[in-house]
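Notes for the one structure printed next.
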């Protein structure tokens, strides 16, 4: 028979171990980190990798609604085509990730965006709805607003 103290010590060790199963919050935060790295390089293709590759993908940016992954990818490539424009993105604070259920997550991000012509950064607020799919977490709906 095992000692109850040994059992408790084992359970505490298991729960305090740094190797824990990642869940929706960690997985979405990891995807956001990848997006931020792609944005820093103005790499539209890598940035769009986590978006749902569907004609039903919907993104609203500053009041303009766009639909369809292929169309949005094309627009993203145009926006980021000038790698010398001095466009930078800086996360103001870690994204908030809210689990709706096992397969739906909402995130809110706050970014500072600057370019060579701006005297001070604009704040970009991004709200995204993520859905767990066979290929991983994908953004299915997003709203982005620039606040001057």
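Rule-based calculations on the coordinates, nothing more; no lab input. Everything numeric here is computed off the predicted structure, so don't read it as measured data.
Computed quantities for the displayed model
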{"quantity": "Helix 69-79 axis, angle to the chain major axis (alpha carbon atoms, nearest 10°)", "calculated": "60"}
{"quantity": "Expected 222 nm ellipticity per residue - DSSP helices of 4 or more, -39500 (n - 2.57), all of the chain, to 500", "calculated": "-9500 deg cm²/dmol"}
{"quantity": "Cα gyration tensor shape for the range 31-133, rounded if a/c is under 1.5, else prolate or oblate", "calculated": "oblate"}
{"quantity": "Computed over the range 50-107, the ratio Rg/Rh where both radii use C-alpha atoms and Rh is Kirkwood", "calculated": "1.03"}
